[in-house]
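Below you'll find the structure, written out as structure tokens, and then a few comments.
The values are calculated or read from the model by the stated rules, or taken from the named source; none is laboratory data. All values reported here derive from a predicted model rather than from experimental measurement. Reconstructed Cβ throughout: ideal geometry from the backbone, glycine too, with neighbour counts over all protein chains shown. All accessible areas refer to the heavy atoms of the entire protein, side chains included, with ligands and DNA or RNA removed. Shrake-Rupley method; radii C 1.70, N 1.55, O 1.52, S 1.80 Å.
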Amino acid sequence: MAYCADVADVRLTSLTKSFDGVTAVDDVSLHIADHDFMILLGPSGCGKSTLLRMIAGLEDPTAGDVEIGGTRVNDVEPKQRDVAMVFQSYALYPHKTVQANIEFPLKVRGVAKPERAEQARAAAATLGLTEYLGRKPGQLSGGQRQRVALARAIVRRPAVFCMDEPLSNLDAKLRGETRAELVALHARLASTFVYVTHDQVEAMTMGSHVAVMNRGRIEQVGTPQEVYARPASVFVAQFIGTPPMNVLPAGVVEVGPWLVGIRPEHVTVDRSPAAPTEGSSSVEPSDTAATVTLVEHLGHETLVHARVDSGLGQEVPVVVARLDARDPAPAMGERVTLRFPAEHLHRFHADTGRRVDERAAEVGA
Amino acid sequence: MSRRWRDLPFAVAFLAPSLLILSAFVLYPLGRAVWLGHQRCDATGANCRSNGWDQYVDVFRSEEFQQALGVTVRFALLTVPVGLALGIALAVLADKHLRGIGFFRTVFSSTVATSVAVASLMWFFLLNPSVGVLADWIGGVAKNPGLLRDEDTALWAVAVSSIWANLGFTFIVVTAGLQSIPAELYESARVDGAGGWTRFSNVTLPMLGPTLLFAGVVLTSRAFQAYGEFDLLTGGGPNGSTTSLTYLVYGNNSIIKNNVGLQAAVAVLLFVVLILLSALQIRGVERRVHYGN
Amino acid sequence: MATSAASRRWRTAGRYALLVAVAVVVLFPIWVMLVGAFKPGNKVLQDPLLPTSVTLDTLRDAWRDGKLGRALVNSTIVALIVTVAQVVTSVLSAYAFAFLRFPGRTLLFALFLATLLVPFEATVVVNRETVQDLGWLNSFQGLAVPFLATAFGTFLVRQVFLTLPKDLREAARMDGLGHLGFLREVAVPLARPTLGALALFGFLASWNQYLWPTVISTDDDWNTVQSGLRTLSQAQIDRPNLVIAGTVIVALPIFVVLLVFQRQLVRGLTAGAVKG
């Protein structure tokens, strides 16, 4: 079975929202293609929920435009926007049964009773809720409530689904299962999803695109792979990936006016200490002497924290390296040599934190 | 159009009924009473004219007002502490899981169903020297002219009727307060070796603070506004010994019965006294009351 | 251990004894009144504590002479009007204060709360004048209209509305509900227990009004039960058991109502203490 939605892309142009002088969303422009699964990712307070609520029509923009399917909808009530929303708290009507909850948006729109009952049952069946139709939300588990909220959203067959951290009230196991279900649902409904989360795992596993937000602005938009492989700023580099990318001050790895980043899995740990630094011409430039401060065995991998023996008079950086569990891990206090392969280095402007592209780096060097 | 203004038509429509009623029958009468209260009228209540605001001072200083204020204050002092104490005692007595406790709770709450008129006439019947059972038992002292006709006892008799009538209310409120005290507090007090009385004075009473404040404020304001008791039991007599402020304004036997200006002045002064009183009560008690969390 | 169990049994017995004693004291006036109401007029002085002679004549006379039938109808109509109106006006204004944004909201709410401080007894002088000017003496309007709205109800219902999650209102907006729809479909059903308490409270307060009907109803046909009792007691000052029969007739319906709605009453009375 397939719900067919109207073609609906979402275009945000110079969108700004401030509350009593505090800017929550700052001049954001973003295009969300039809049928896209767009994740708005960022830490709490970055403006991602506010952005979503402006798309849904729950907040009025202070400036800028929201277009859905090519129509400017700034002054259109949520009801007329053909948008559904799933809330973090689910926001089910506690006094209505599951059936009545799912039917409700149709009832408000004046759909005849037999028809809306039929559609509600179909939506409930999609989400495996058939046997709970007669219950009230208070009698359901968190995961079931979450699915009722989804059913209430899909029953309207809206062009755009807005979801505000819908998985954050579920336990870890259920969260993993529901992620897969949501991806399947998106494939089946073929409508546009806009999904807010602070959880990078959700972003990486579900989204066809990710918009990383920080302080009311979008730092980067791209596929999850792009965002991971070529982060556009130090913020993105460190927000995505566990543990986050190592970002070292200028001079530790390379000489140049930029910060250098490298993901933990790209750092290699050589258990023989580096040659003495004085008269070190024989040593590779990226060889760095370090002392192991912490070793975390996670089963499938091992994380090694090592403090760089830097003579640079700056704060001494700690580098995290990710080793395969089969590799021999160093012991705490052991002196090692860290290697940072050049092809895996990311360079960021020291002042702005923005990515410096490779060619510019060559010239600068 | 911003959200601020979008809701306005709804706000106007939703608030209009309440606003209309409250303005017409609470705010306007208060303002108008303040205005009327400064007007000097003749004894029949006609020919009122403005002549400065010193009528309020005159009324306040008058013997009648002072006496009525004294009656009202004494009535409150007689009814509120005793009423509260009895309410607490009954609630504590019935706060135990015993067979049939529901019946006793219903009985103790029952006087909440009696209106002022019912309660007052009931007590009039009990205290009436010619038929009253109680009057009979109390015997000689009260037989003639009767508790309600004796200047020394009339206010006490009215107070008893009022305490009885309010007992149900106090009982219900204090019982609800008791039930909201967490059981762990009692258990930890018991573990600490506290006996019954220590538990009562160190756990129950402090935790009842907000409840007692509420009940006390309500009972006090009821005492200051009491009217039916005086009207039915004593008619303000004998000799003005039960003429409360409300009876002075509205009573059939009041000497200012037809003088709207004076009635308004006393009513306004009653309002001022009540405001001052509730402010004092809330400030005074709030400092010592223990609110949960 | 045996001694402790025995002493506990004694303590329980003591508590029961105390409970019974207090219940007797509390019920004593009601008992005497009931006995008196069923006594014929000439026997009222005999055995005031025991129903040694029983008749319905006294109750019948009280009903007739006090025009209590008419008074009961008046009281019921007025109390029902007041109850329904108070619930409606409180819900509407509470909704405005809880869910609507409009300029002057805080100020207006403060004004509402301020009316709680004005004792009704202080406004009767002027309200009597107003009602007289409107030609509403001896009428249902005159008896009911001043009580059609209450700041207390507004405050109580607003407290409940404020506990509803913000997401619920927004979900309803997404579902397409306007303010009226949300009020009817969500806010009112969820506030139902409080509305029940408010209704009972309003009904009781209206039923028990004493000063207002004695001032407004100058014609006996417009007496409520309370002012009717007053009239009866003044007209029959030398037939005390007739008066007492009247109080039984007046008290009975409200006793029944309260027995049925005990839970709502407790809720209504304690709302101020818990949330105040």
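A cut-off of 5 Å between modelled amide H atoms, ignoring neighbours fewer than 5 places along the same chain, links A:E334 with A:V292. The apolar share of the surface of region A:138-226, taken as the fraction of accessible area on carbon and sulfur atoms (1.4 Å probe, ligands and nucleic acids excluded), comes to 48 percent.
For a straight C-alpha distance cut-off of 22 angstrom, the lysines reachable from C:K166 (same-chain residues fewer than eight places away being disregarded) are A:K17, A:K48, A:K79, A:K96, A:K107, A:K136, C:K275.
Hey, what's the Cα Rg ratio for the protein assembly as shown versus the globular rule of thumb, 2.2 N^0.38 Å?
Normalised Rg, Cα atoms only: 1.30.
Tell me which of A:Q144, A:T130, A:T178 sits at the most positive position along the dipole axis of region A:10-232, charges placed on C-beta atoms (Lys, Arg +1; Asp, Glu -1). Sorting the options by dipole projection puts first A:T130. Once R0 is set to 35 Å, what does the formula 1/(1 + (r/R0)^6) return for the Cβ-Cβ distance between C:R101 and A:A122, expressed as a FRET efficiency to the nearest 0.05? Given R0 = 35 Å and the Cβ-Cβ separation, E is 0.35. The length gained on full extension between A:E265 and A:H344, counted as 0.36 nm times the residue separation minus their Cα-Cα distance, comes to 27.5 nm. Relative to its Kirkwood radius, the Cα radius of gyration of region C:67-275 gives an Rg/Rh of 1.04. Counting Cβ atoms of other protein chains within 10 Å of each residue's Cβ and taking the mean over peptide C:162-173 gives 6.
In the protein assembly as shown, a dipole from Cβ-located charges (positive for Lys and Arg, negative for Asp and Glu) runs towards its positive end, and of A:V86, C:L107, B:Y250 it is B:Y250 whose Cα lies farthest in that direction.
Over region C:92-213, Cα pairs under 8 Å with separation of 6+ residues give a relative contact order of 36 percent.
Using only side-chain charges placed at the Cβ, +1 for Lys and Arg and -1 for Asp and Glu, the dipole size of chain C relative to its Cα centre rounds to 1180 debye.
Quick one: which of A:193-200, B:270-277, B:94-101 comes out on top by average Cβ neighbours within 10 Å, and what's the full order, highest first?
Details: A:193-200: 22.2, B:270-277: 16.9, B:94-101: 13.0.
Answer by packing, highest mean first, reads A:193-200, B:270-277, B:94-101.
Computing the accessible area with a 1.4 Å probe over protein heavy atoms, can you report the carbon and sulfur percentage for region B:14-102? Its accessible area is 63 percent carbon and sulfur atoms. Surface composition of chain C: carbon and sulfur atoms hold 65% of the protein heavy-atom accessible area at a 1.4 Å probe.
The angle between the Cα long axis of helix A:98-108 and the longest principal axis of the Cα atoms of chain A comes to about 70 degrees, rounded to the nearest 10.
Only Lys, Arg, Asp and Glu carry charge here, each on its Cβ (+1 for the first two, -1 for the last two); on that basis region B:63-286 has a dipole of about 360 debye about its Cα centre.
Compute the acute angle (0 to 90°) between the alpha-carbon long axis of helix A:113-126 and the principal axis of greatest extent of the alpha-carbon atoms of chain A; round to the nearest 10°. Helix A:113-126 sits at roughly 30 degrees to that axis.
Pair-distance distribution P(r) for chain A, from all Cα-Cα distances in 20 Å bins starting at 0: 26, 45, 24, 5, 0 percent.
About its Cα centre, how strong a charge dipole does the protein assembly as shown have in debye, to the nearest 20, once Lys and Arg get +1 and Asp and Glu get -1 at the Cβ?
On the way: 82 positive and 77 negative charges, 587 e Å.
It works out to roughly 2820 debye.
In summary, the lysines within cross-link reach of C:K39, defined as a Cα separation below 29 angstrom excluding same-chain residues under 8 places away, comprise B:K143, C:K67.
Measuring how big region C:2-55 is from its alpha-carbon positions, Rg and Dmax come out at 18.2, 59 Å.
Taking 0.36 nm per residue of sequence separation and removing the Cα-Cα distance, the C:D221/C:V25 pair yields an extension gain of 66.9 nm. Just want to confirm a number: the relative contact order over chain B, from Cα pairs under 8 angstrom separated by 6+ residues, in percent. It rounds to 27 percent for chain B. Using just its DSSP H runs of length 4 or more, each adding -39500 (n - 2.57), the protein assembly as shown gives a mean residue ellipticity at 222 nm of -16500 deg cm²/dmol after division by all residues.
Farthest towards the positive end of the charge dipole of the protein assembly as shown, among the residues A:P105, C:Q262, C:N42, is the Cα of C:N42, using unit charges on the Cβ of Lys, Arg, Asp and Glu. Geometric descriptor of region B:63-286, per residue, is 142 Å³ (volume of the convex hull of the Cα atoms). Counting Cβ atoms of other protein chains within 10 Å of each residue's Cβ and taking the mean over peptide C:91-103 gives 6. Counting Cβ atoms of other protein chains within 10 Å of each Cβ in A:98-109 and taking the mean gives 3. Provide the percentage of antiparallel DSSP beta bridges, counting only those with both residues in the protein assembly as shown; round to the nearest 5. Percent antiparallel among DSSP bridges in the protein assembly as shown is about 75. Using a cutoff of 8 angstrom between alpha carbon atoms and counting only pairs six or more residues apart, the relative contact order for region A:10-232 works out to 29 percent.
Once backbone amide H atoms are built at 1.01 Å from N, A:A329 has no partners under 5 Å, excluding neighbours fewer than 5 places away on the same chain. Taking 0.36 nm per residue of separation and subtracting the Cα-Cα distance, full extension of the segment from A:D327 to A:A250 would add 24.7 nm.
Each peptide in B:169-175, A:38-44, B:218-224 receives the mean, over its residues, of other Cβ atoms within 10 Å, and ordering these scores from highest gives B:169-175, A:38-44, B:218-224. The angle separating the long axis of helix C:262-275 from the principal Cα axis of greatest extent in chain C is about 50 degrees.
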